[in-house]
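One structure is given here, and the rest of the page talks about it.
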Amino acid sequence: MKPTMNQYQAIINFQENDDYYYAVKTIKIFCRFSCKSKAPNLNNILIFIKNDKNLNNFRPCKRCEPLNPRPATANIIDKFKNYLKNCHTKITLEQCAKALGYNSSYLSRNLAQHRIKFNEYLKNEINN
């Protein structure tokens, strides 16, 4: 079915929705509403209930992995956010990565997949 404007806004704002996937007709993939990929054109989107048989005509997105219960990168991002909430000292990306048990380039790549820039996130966390 075609998306409503509320659904389209949820897609372009990366809002989680546990009941639906959206499919992009032009590239034949389906994604979670929270997928951080480039926002698709409204005319190219179809909305499906998660168990819809018509999803078989599309392949799952490699970025958001809609068929996996929770993408591995999401767990890393959750750890990162929780660590920074509880960290009350000035910290670098390298120190944060080491504390979480990752190397800095791996953490940086995972943050980039979710469109998070370490320094910007750190400033926002300090200001809040």
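Read the figures in this text as sums done on the coordinates, not as results from a lab. In this text the structure is predicted, and so the values were computed from the model without any measurement. Every residue, glycine as well, gets a Cβ built from its backbone with ideal geometry; the counts of neighbours run over all protein chains shown.
For segment 108-128 versus segment 9-47, the spacing of their alpha-carbon centroids is 23 Å.
Annotation: amide H of S34 within the under-5 Å range of N17, sequence separation 5 or more or interchain, hydrogens built in the peptide plane. Straightening the chain between N124 and K90 buys 10.9 nm, computed as 0.36 nm per residue apart minus the Cα-Cα spacing.
Rounded to the nearest 20, the Cβ-based charge dipole of segment 73-127 about its Cα centre (Lys and Arg +1, Asp and Glu -1) stands at 40 debye.
Quick one: net charge around C87, please, counting Lys, Arg +1 and Asp, Glu -1 for every other residue with C-beta under 13 Å from its C-beta. So the environment of C87 carries a net charge of +4. The length gained on full extension between N75 and L100, counted as 0.36 nm times the residue separation minus their Cα-Cα distance, comes to 7.8 nm.
Within a Cβ distance under 13 Å of Y106, other residues only, what is the Lys/Arg minus Asp/Glu net charge? Overall, the nearby charge balance is +2.
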